[in-house]
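Every read-out reported here was derived from the displayed coordinates using simple, explicitly stated rules and does not represent laboratory data. Nothing here was measured: the structure is a model prediction, and the numbers come from that model. Glycine also receives a Cβ, built like all others from the backbone with ideal geometry; neighbour counts cover every protein chain displayed.
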Amino acid sequence: MTALLAALPILLVCAALALGVSAGRAAGLGLAVTVAVAAVAFPVAPGPLAAHLMGWTPTLVAVLVIVAGGLALARIIEASGAQAAMARAVGARVASPVAAALLVVHGVVPFAESVTGFGVGVMVGVPLLRHLGLDRSRAALLGLMGLVAVPWGALAPGTLIAARLIGVDLTDLGVATARVNLVPCLVTGVAAVLVAGGRRPLAVLAGAASGVLLWAAVLGANLLAGTPLAGVLGSLLVVAVHLFASSVRRGGVVAPAAAVDDPGPDAPGMPGSGRALVPYGVLVAGLLASDLLVRATGPTPWSGVASSPATWLVLTCVVAALVIPVPPEARREVAGRVWRMWLAVGVPTGAFLLLGVLMADTGMSAELARAAAGLGPAYLALSPVVGAAGGFVTGSNAGANSMFAAAQGHAAAALGADPVRIVATQNAAAALLTMASPSRVEMAAQFADEPGGSLDRRRLMGRALLVAGLAVVGLCVTVVA
């Protein structure tokens, strides 16, 4: 009975989301039920609980600012025309539909998602694939498959939440997640080739090689540069390798610079692709430089702020507004869209974080872990499915980790397993199922569909579930291997 009470907030949140209740209201319901259940069955002294919650304030603020900064950067890049300029630059260099699919799935979408997060990579990847000639159904599915690197999305706040909840270093969890993410990278690589029409063994092998490249690049970046920048740097390397390979296949011939960077008469004032990359350069260089400075000088009262992804995302947005300015007539609309999307994404993310912290601090997560431990080693084999379910219902690995990371970590410890490895596997599985979540499927369909079109959402979700499900099964096998 106690375990059922501990599970009640999560069960109600999942039920509310399944019934179409907004993420913000579902998270609010979960918080209210958590407080009520804790008061009845899991009482905690108010003083220590309040002190611990206050200790989470910097993390909560950082997560909310990262969400806002990522959304703002994405909207500035889109409204200024920089996104279209980059699409033309890439389109001038790819050699085939298969090459385009792998470039987007393992390079462009992971990069955009790593910088901005919360599905923005889909907004970038799907129009690019349409621009490169793929039909709307295949473009939407490939865009969703690019969410394979979501644990590092928006500079990794979801992974940060999980690391804090189980009390480990962010980089340690990031490295562990990167290690188990080989299976998802391989599955999406092979699937991308098949979706793009590649049937020859060499094409399938190229898809697998692309997956290995993304896996190795992200793992190496985690080890060398830390988790927040791992997705950005790893996916950049993949983009560079794919563009170079396409150039070699085309005999080194690409479109002239003017054809790539010149917006042409139909897009006055659109920035060239070179200027469009400046904000990304500022973000990457700033994070790397600040991290090196902190390591060289040691921790100071301001080192956390100076090296925070939140700080550099805000500065990057300022640079973007100066280098690739939004037309004056569109600024109000951009600001309004950022605010509305932040309310729809940022507030639920913060609420889910508080839900996870409260469940951990009141002992509800530990009670769930004890119940799970009663299933024995079989539970560990199914632990990725728990994370996957969280990713599907919330559309966010941050939400999934907030709800399940603490319980998964406690259950792993009770069963004598490594909590970091189990939570890392959950992190990867939750990220995978975001590609099939209703919110992401709708986003991909909207960006792929033509005016008046009616792209089959259910079929798209089913195909995304098939790809993600195969990868989750692979993760389950790795847990017991």
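If a/c stays under 1.5 just call it rounded; otherwise compare a/b with b/c (prolate if a/b is bigger, oblate if not). Do that for region 316-409, with a ≥ b ≥ c from the square roots of the Cα gyration tensor eigenvalues. Note, shape of region 316-409 comes out prolate. Once the C-beta distance of residue 52 and residue 216 is scaled by a Förster radius of 22 Å, the resulting FRET efficiency is 0.05 to the nearest 0.05. The slack between residue 92 and residue 202, meaning 0.36 nm per residue of separation minus the straight C-alpha distance, is 37.2 nm. Extension gain, residue 322 to residue 457: 0.36 nm times the residue separation minus the Cα-Cα distance gives 44.7 nm. Averaging the Cα positions of each part gives two centres, and for region 156-226 and region 394-451 these lie 14 Å apart. Size descriptors for region 1-93, from the alpha-carbon set: Rg then Dmax equal 20.9, 63 Å. Taking the inverse of the average 1/r across all pairs of different Cα atoms in region 35-162, what Kirkwood radius in Å do you get? In region 35-162 this quantity evaluates to 16.6 Å. Extent along the principal axes, Cα only, for region 437-481: 49, 14, 12 Å, with the longest axis given first.
Phi angles across region 401-409 convert, under the Karplus curve 6.51 cos²θ - 1.76 cosθ + 1.60 with θ = phi - 60°, into 3J(HN,Hα) values of 5, 4, 7, 10, 4, 4, 5, 5, x Hz, Gly and Pro given as x. Each residue of region 84-91 was assigned a 3J(HN,Hα) from its phi angle through the Karplus curve 6.51 cos²θ - 1.76 cosθ + 1.60 (θ = phi - 60°); the sequence is 5, 5, 5, 4, 5, 5, 5, x Hz, with glycine and proline shown as x. Residues 317, 185, 476, arranged from fewest to most other Cβ atoms within 10 angstrom of their Cβ, appear as 476, 317, 185. Between residue 315 and residue 249, the C-beta separation translates, for a Förster distance of 41 Å, into a calculated FRET efficiency of about 0.60.
Label positions at residue 330 and residue 2, each projected 7 Å from the Cα along the C-beta direction, are separated by 5.8 nm.
Given +1 at the Cβ of Lys and Arg, -1 at the Cβ of Asp and Glu and no other charges, the dipole of the chain around its Cα centre is 700 debye to the nearest 20.
Couplings 3J(HN,Hα) for region 454-461, derived from phi with the Karplus relation 6.51 cos²θ - 1.76 cosθ + 1.60 (θ = phi - 60°), are 9, 4, 6, 5, 5, 5, 4, 4 Hz, where x marks Gly and Pro. In this simple spin-label model, placing a label point 7 Å from the Cα along the Cα-to-Cβ direction at both residue 240 and residue 11 gives a separation of 5.2 nm.
Along the axis of the charge dipole computed for region 331-481 (Cβ charges of +1 for Lys and Arg, -1 for Asp and Glu, origin at the Cα centre), the listed residues 385, 426, 398 are led at the positive end by 398. Placing dummy labels 7 Å off each Cα toward the beta-carbon, the span from residue 18 to residue 44 is 2.8 nm. The share of alpha-carbon pairs in the chain lying farther apart than 28 Å comes to 49%.
Between rounded, prolate and oblate, where does region 318-368 land on the alpha carbon gyration tensor, with a ≥ b ≥ c its root eigenvalues, rounded for a/c under 1.5, else prolate if a/b exceeds b/c? Let's see the in-between values first.
Values: a/c = 7.51, a/b = 3.45, b/c = 2.18.
Prolate shape, in that a/c is at least 1.5 and a/b is the bigger ratio.
For residue 442 and residue 32, the difference between the fully extended length at 0.36 nm per residue and the C-alpha to C-alpha distance is 144.7 nm.
Specify whether the C-alpha gyration tensor of region 60-113 places it in the rounded, prolate or oblate class, a ≥ b ≥ c being the square roots of the eigenvalues: rounded for a/c under 1.5, otherwise prolate if a/b is larger than b/c and oblate if not. Oblate, because a/c is 1.5 or more while a/b does not exceed b/c.
Relative contact order of the chain, taken over Cα pairs closer than 8 Å and 6 or more residues apart, is 24 percent.
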